[in-house]
Amino acid sequence: MLGNFMYCNPTRLYFGEKAMKGLRKELPKYGANVLLVYGSGSIKNNGIYDEVTAVLAEAGKNVFEDPGVMPNPTLQKMKEGCALVREHEIDLILAVGGGSVCDYAKGISASAYCSGDPWERYYKRHDKVDNLIVPVGCVLTMAGTGSEMNGGSVVTNPDENVKIGRVFGDNVFPKFSILNPKFTYTVPKYQMVAGIFDTMSHIMEQYFSDEDDSASDYIMEGMMRSLVHSGLVAVDNPHDYEARSNIMWLAAWALNTFVECGKTTDWEVHMIGQAMGAYTDATHGMTLAAVSLPYYRRIMPYGIAKFSRFAKNVWNVDPEGKSEEELAAIGINAMEDWMAELGLVMNSRELGMTEDMIEGIADATFLLGGGYKKLTRDEVIDILRESMEYTGDRIS
Ligand code: NZQ
Ligand code: ZN
């Protein structure tokens, strides 16, 4: 049964090869001062910077730049961005990049005028934002996180070894997002497959909760089937427009609050992955890949009906003559094969995790309990150890 929910997504989305026209339409709605936020410079190499700045110039904007947003943006960087917003009395923050740049833009949007310490108030205590919120727009260059159409902002504080994802309300969602699948053609394969798995993980975090006949689960099964197929096509041919557009569209819908409607949701893989990310600074999607197999194999016995359904409806496993337990195990094996074919990193040592980090990562992992089994701290430690020992030989 679907639970109670309110659904609203205020982000206006412009999608397709001509999506940049949307930027022309949106810019006149905001004041003159624009903060152009971007990462380490990929947009200068692939021409997206030139396209965006040409549209900004045409619209007569005063453009102030805030480059250098790193993957897994830090609190220190966010404080610098907040100062720029105040100094230049920014009217619109325009994020041009992947999830890190979009998350950072939302972070400074909510935090620039915060009375008090935004890290303590908004990220650690999850206080309601009670100050001026500077509007954000996104030009997305990499698919995966869904940040382009949600209120999420994940920030790392290296001093505390913590990475926290704050989910802000509707008023911090991007006002608009420009999604041109061709902009993702230049994303390196490592980042592309990490993004694909991030999207898969978002869907699984919402799918693997509750035992019912929710329409949301059928929608998610369709999304996962499309992602499994399109992911492999994009690995073979990164310039396959259809695959790249499917991936981009699926990433937005996997985490824009729609498929969670009426669901309890899990998010434990993300809790462990984020804690690992705080210690290693590894690519987000890869931390999820390293944790997922040991996690799902561990909780499978507690949600066996759903795991066998996953095998049949997502991985086309023929149920003939198989028990639910056998089906469930074959489904996870099929996912493992797909992950290997994409080229994901599934051993956390390769992501920089070392033995001495295990206790700290376990302490930094929030134990949520929305999935089929609430983990104990010891189980988190077991999962982390298994992720370090992964060899590719079938565990089960
Ligand atoms: O630094 P730049 O030049 O932008 O290069 C980036 C970066 O090195 C590069 N890249 C992006 N688009 C490119 C490109 N390179 C060539 N051509 C392009 N078109 O890719 C690298 C990774 O970028 P990043 O933005 O870090 O990746 P992603 O989109 O995966 O974002 C990861 C961040 O999002 C958070 C993660 O924790 C992580 O901090 N998440 C945000 C969520 C949300 N807002 O809802 C949910 C997710 O679960 C996730 O936690
Ligand atoms: Zn994620």
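The values are calculated or read from the model by the stated rules, or taken from the named source; none is laboratory data. Owing to the predicted nature of the structure, the values given are computational and were not obtained by experimental measurement. In this analysis, Cβ positions are derived from the backbone assuming ideal geometry, glycine residues included, and neighbour counts consider all displayed protein chains. The accessibility values were calculated without ligands, DNA or RNA, using every heavy atom of the protein model including side chains. Shrake-Rupley method; radii C 1.70, N 1.55, O 1.52, S 1.80 Å.
Could you list, ordered by first residue, the pairs with Cβ atoms under 6 Å in which the first is in region 265-293 and hydroxyl-bearing (S, T, Y) and the second is away from ligand 2 (no atom under 11 Å from the Cβ) and open to solvent by less than 10 Å² (accessible area, probe 1.4 Å), at least 6 apart or interchain?
Pairs found: T265/Q206; T265/S209; Y279/I361; T280/M353; T287/M276.
Scan region 371-396 residue by residue and report those that are modelled with pLDDT under 95 and surrounded by 13 or more Cβ atoms within 10 Å (Cβ to Cβ).
Selection gives I395 alone.
Looking at D103, D130, D50 in this structure, which one is outside any loop (DSSP other than H, G, I, E, B) and either among the polar types (S, T, N, Q) or open to solvent by 40 Å² or more (accessible area, probe 1.4 Å) (or both)?
Numbers: D103 fails: either among the polar types (S, T, N, Q) or open to solvent by 40 Å² or more (accessible area, probe 1.4 Å) (or both); D130 fails: outside any loop (DSSP other than H, G, I, E, B).
After ruling out the rest, the residue left standing is D50.
Here's the yes/no breakdown for (1) within 15 Å of ligand 1 (Cβ to nearest atom); (2) touching a Cys at 6+ places or on another chain (Cβ under 9 Å):
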{"position": "A194", "(1), (2)": "yes, no"}
{"position": "D198", "(1), (2)": "yes, no"}
{"position": "S216", "(1), (2)": "no, yes"}
{"position": "R225", "(1), (2)": "no, no"}
{"position": "V233", "(1), (2)": "no, no"}
{"position": "P238", "(1), (2)": "yes, no"}
{"position": "E242", "(1), (2)": "no, no"}
{"position": "N246", "(1), (2)": "no, no"}
{"position": "L255", "(1), (2)": "yes, no"}
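Do we find a residue being more than 10 Å from ligand 1 (Cβ to nearest atom), assigned to a helix (DSSP H, G or I) and open to solvent by less than 30 Å² (accessible area, probe 1.4 Å) anywhere in region 178-185?
yes
Give the residue, chosen from V154, V162, that is under 18 Å from G81 (Cα atoms) and crowded, with 16+ Cβ neighbours inside 10 Å. Don't jump to the end; show me each part of the working.
Numbers: V162 fails: under 18 Å from G81 (Cα atoms).
Being under 18 Å from G81 (Cα atoms) and crowded, with 16+ Cβ neighbours inside 10 Å holds for just one of V154, V162, which is V154.
Which members of region 192-215 meet the condition of being in contact with a helix residue (DSSP H, G or I) (Cβ under 8 Å, 6 or more places away or on another chain), open to solvent by 10 Å² or more (accessible area, probe 1.4 Å) and assigned to a helix (DSSP H, G or I)?
M192, the sole residue that qualifies.
Could you please let me know if V69 is farther than 17 Å from Y38 by Cβ and buried (at least 22 other Cβ atoms within 10 Å of the Cβ)? Give the steps one after another, and end with the answer.
Numbers: farther than 17 Å from Y38 by Cβ: no; buried (at least 22 other Cβ atoms within 10 Å of the Cβ): yes.
It is false that V69 is farther than 17 Å from Y38 by Cβ and buried (at least 22 other Cβ atoms within 10 Å of the Cβ).
Check G144 against each of (1) within 27 Å of T53 (Cβ to Cβ); (2) touching an Asp or Glu at 6+ places or on another chain (Cβ under 8 Å); (3) outside any loop (DSSP other than H, G, I, E, B) and name the one condition it does not meet.
(3)
Within region 152-166, does at least one residue satisfy the condition of being away from ligand 1 (no atom under 11 Å from the Cβ), in the same structural domain as E268 (by TED's automatic domain parsing) and not β-branched (V, I, T)? Step through it out loud before you land on a result.
From region 152-166, those away from ligand 1 (no atom under 11 Å from the Cβ) are 157-162; that's our starting set.
Filter once more, so that each one left must be in the same structural domain as E268 (by TED's automatic domain parsing): none.
Taking every residue of region 152-166 in turn, none turns out to be away from ligand 1 (no atom under 11 Å from the Cβ), in the same structural domain as E268 (by TED's automatic domain parsing) and not β-branched (V, I, T).
Would you check which residues across region 167-177 are within 12 Å of ligand 1 (Cβ to nearest atom) and part of a loop (DSSP other than H, G, I, E, B) and list them?
Matches in region 167-177: F168, F173, P174.
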